[in-house]
Amino acid sequence: MNYLNNLTEGIGNTPLLKLNSVNKGIKGTILVKVEYFNPGNSIKDRIALKMIEDAEEKGILKPGGTIIEGTSGNTGMGLALVAISKGYKCIFTLADKQSKEKMDILRAVGAEVIVCPTNVTPEDPKSYYSVARQLEKDIPNSFYPNQYDHPANAESHYETTGPEIWRDTDGKITHYAAGMGTGGTISGTSKYLKEQNPDVVTIGLDSYGSVFKKYKETGIFDEKEVYPYLTEGIGEDILPKNVDFDMVDHILKVTDKDAAIMTRRLAREEGLFIGWSCGSAVFGALEFAKGNLKEDDVMVIILPDHGTRYLGKVYNDDWMKDHGFLEERKFATAKDIIQHRNGSSELVTINQKLKVGEAIKTMNQKGIDQAPIVDGSNFVGSISDSRILSSLIENPELKDKPVADVMDKSFQFVSPHETIDVMSSMLNRETKALLVRDQANDVHIITQSDLLVAMTN
């Protein structure tokens with residue numbers, strides 16, 4: 001009889017599929033490795049099994065123990081399935097931007113799910129990284145794999161994903177492409193492939209709002225590159241130890257919108273009902289392929305997960321319209337607003353040491369009602385005329401105090417490709433404006449007035 005003793009035996013050996021539609025006009029053979037054929041419907045099943053087996057071998061995880069992990073959903077699913085096979089309990093922390101489907105699926109397989117805020121620093125006690133670490137300290141016989149830094153993450157791909165690709169392409173692969181998140185998939189797989197053929201070119205796909213591309217190109221970890229984005233599963237505001245930049249030759253950034261549209265195209269044109277970051281990987285890889293692949297080249301792109309995790313987002317027409325992903329407008333993005341802005345586009349900033357009275361004069365002279373506060377080249381806060389007015393009413397002597405005494409939190413940075421719909425949802429009574437950093441590293445401001453002009457043109 002031919003059967004599996006448990007689900008863990010079904011992990012790996014996922015198929016390669018040739019793309020036939022979305023790559024029209026591009027030279028070479030484009031193959032995708034469809035990881036939703038894993039039992040947990042994602043590539044993360046591979047690392048889940050490896051990390052737990054490693055902990056068992058080292059005596060870190062004992063019978064009846066609890067597995068605790070910060071996850072975007074897929075690693076949690078893999079860990080939960082392995083835990084069921086081995087008799088462990090699971091607690092997972094997720095950022096609140098993750099889809100409801102991911103949370104529901106984790107709860108369905110018996111895991112406890114703790115939802116944490118997205119827009120906090122990794123060091124903040126409320127972040128899903130910090131909450132997971134604290135739970136491990138508080139719960140006896142618990143194990144926090146920490147997929148970002150655990151060497152078993154990259155090792156699992158070095159031992160399985162890389163050899164499978166090499167075997168199934170008969171060693172003919174010339175280009176390998178994958179999204180970059182924890183770094184294990186791209187680094188471990190690339191290491192194996194480059195050991196077989198050093199000429200294999202590895203392309204990493206990143207999100208706008210993530211730090212990977214600039215760090216690869218400059219060696220600088222630039223916090224100014226970090227701002228919220230919607231795509232789940234790729235990009236980071238930290239540098240995980242599993243990211244080996246020596247194993248990545250090129251990094252391309254992909255917008256939320258391009259990723260979402262490609263995800264839906266893959267479902268309709270290729271029959272691939274895949275997740276959002278899969279769309280990022282294919283869109284970015286094909287952009288690279290347009291000018292770099294030759295007829296005899298073979299590119300393999302990793303498709304990490306299944307579309308069931310995204311039914312309420314990229315596969316929902318209302319959600320797509322709400323975020324401007326199904327409509328083309330004259331001023332569709334922050335970049336468009338900046339390019340078509342009438343008058344001066346100079347950003348007026350106020351030094352945090354300037355007195356409040358002087359700041360008021362500056363704002364009046366420039367005809368603005370809000371401004372970013374800076375300390376050198378760093379954006380440290382913001383100020384608005386309504387905030388100054390209320391502060392002076394309470395304490396008139398504040399006019400001789402530094403602006404730092406009355407400033408609010410800094411305006412949020414957004415991608416140049418952020419849509420009007422998303423930006424309008426971010427502006428409210430507390431958030432008066434948004435900041436955008438362009439390719440030349442210049443910073444621009446987007447106000448409510450800018451959005452109103454864009455929407456009525």
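Odds and ends about this structure:
- Which listed residue is assigned by TED's automatic domain parsing to the domain that holds ASP297, out of contact with any helix residue (DSSP H, G or I) (no Cβ under 9 Å at 6 or more places or on another chain) and at pLDDT 90 or above, from ASP244, ASP170, ASP206: ASP170
- Under the condition of being charged (D, E, K, R) and either without any contact (Cβ under 8 Å) to a residue 60 or more places away in the chain or buried (at least 17 other Cβ atoms within 10 Å of the Cβ) (or both), the residues counted in the stretch 283-320 number 7.
Matching residues to (1) closer than 21 Å to ASN153 by Cα; (2) touching a residue at least 60 places away in the same chain (Cβ under 8 Å); (3) surrounded by fewer than 16 Cβ atoms within 10 Å (Cβ to Cβ):
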{"site": "THR8", "(1), (2), (3)": "yes, yes, no"}
{"site": "LYS33", "(1), (2), (3)": "yes, yes, no"}
{"site": "TYR36", "(1), (2), (3)": "yes, yes, no"}
{"site": "ASP54", "(1), (2), (3)": "yes, yes, no"}
{"site": "LYS62", "(1), (2), (3)": "yes, yes, yes"}
{"site": "GLU69", "(1), (2), (3)": "yes, yes, no"}
{"site": "LYS89", "(1), (2), (3)": "yes, no, no"}
{"site": "ASP104", "(1), (2), (3)": "no, no, yes"}
{"site": "ALA108", "(1), (2), (3)": "no, no, yes"}
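- Single match in SER390, SER425, SER386 (criterion: under 29 Å from the mean Cα position of the chain (by Cα), part of a helix (DSSP H, G or I) and surrounded by fewer than 19 Cβ atoms within 10 Å (Cβ to Cβ)): SER425
- Being under 19 Å from the mean Cα position of the chain (by Cα), of a type in the set (Gly, Ala, Ser), within 16 Å of ILE238 (Cα to Cα) and not assigned by TED's automatic domain parsing to the domain that holds THR231 is a property that holds for SER127.
- Subset of the stretch 122-152 that is among the charged types (D, E, K, R), farther than 13 Å from GLU69 by Cβ and in a loop (DSSP other than H, G, I, E, B) - its residue that is modelled with the lowest pLDDT: GLU123
Conditions tested, residue by residue: (1) part of a loop (DSSP other than H, G, I, E, B); (2) at pLDDT 90 or above; (3) of a type in the set (A, V, I, L, M); (4) outside the structural domain of LYS399 (by TED's automatic domain parsing).
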position: PHE288; (1), (2), (3), (4): no, yes, no, yes
position: LYS294; (1), (2), (3), (4): yes, yes, no, yes
position: VAL300; (1), (2), (3), (4): no, yes, yes, yes
position: ARG309; (1), (2), (3), (4): no, no, no, yes
position: TYR315; (1), (2), (3), (4): yes, yes, no, yes
position: ASP318; (1), (2), (3), (4): no, yes, no, yes
position: SER345; (1), (2), (3), (4): yes, no, no, no
position: LYS353; (1), (2), (3), (4): yes, yes, no, no
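Per-residue answers, yes or no, for (1) in a loop (DSSP other than H, G, I, E, B); (2) among the small types (Gly, Ala, Ser); (3) not assigned by TED's automatic domain parsing to the domain that holds SER130:
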| position | (1), (2), (3) |
| --- | --- |
| THR231 | yes, no, yes |
| GLY235 | yes, yes, yes |
| LEU239 | yes, no, yes |
| THR263 | no, no, yes |
| ALA267 | no, yes, yes |
| GLY279 | no, yes, yes |
| PHE283 | no, no, yes |
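- For the stretch 201-219, the set of residues classified as surrounded by fewer than 24 Cβ atoms within 10 Å (Cβ to Cβ), in contact with a His (Cβ under 9 Å, 6 or more places away or on another chain) and not in a helix (DSSP H, G or I) consists of VAL201, THR202, TYR208, listed by residue number.
- Under the condition of being small (Gly, Ala, Ser) and surrounded by fewer than 12 Cβ atoms within 10 Å (Cβ to Cβ), the residues counted in the stretch 346-382 number 3.
- Residue in the stretch 394-405 that is in contact (Cβ under 8 Å) with a residue 24 or more places away in the chain, at negative phi and assigned to a strand (DSSP E or B) present: yes
- If you go through the stretch 137-147 and keep only what is closer than 30 Å to GLU195 by Cα and either in contact with a strand residue (DSSP E or B) (Cβ under 7 Å, 6 or more places away or on another chain) or surrounded by 21 or more Cβ atoms within 10 Å (Cβ to Cβ) (or both), you end up with PRO145, GLN147.
- Among residues of the stretch 31-45 being in a loop (DSSP other than H, G, I, E, B) and in contact with a Leu (Cβ under 7 Å, 6 or more places away or on another chain), the one that is nearest to THR8 (Cα to Cα) is PRO39.
Each row is one residue, and each column tells you yes or no for (1) at pLDDT below 90; (2) acidic (Asp, Glu); (3) touching a helix residue (DSSP H, G or I) at 6+ places or on another chain (Cβ under 7 Å).
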site: SER85; (1), (2), (3): no, no, yes
site: TYR88; (1), (2), (3): no, no, no
site: ILE91; (1), (2), (3): no, no, yes
site: LYS100; (1), (2), (3): yes, no, no
site: MET103; (1), (2), (3): yes, no, no
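The values are calculated or read from the model by the stated rules, or taken from the named source; none is laboratory data. Not measured: the values here are computed from a predicted model. Ideal geometry is used to build each Cβ from the backbone, glycine not excepted, and the neighbour counts take in all protein chains shown.
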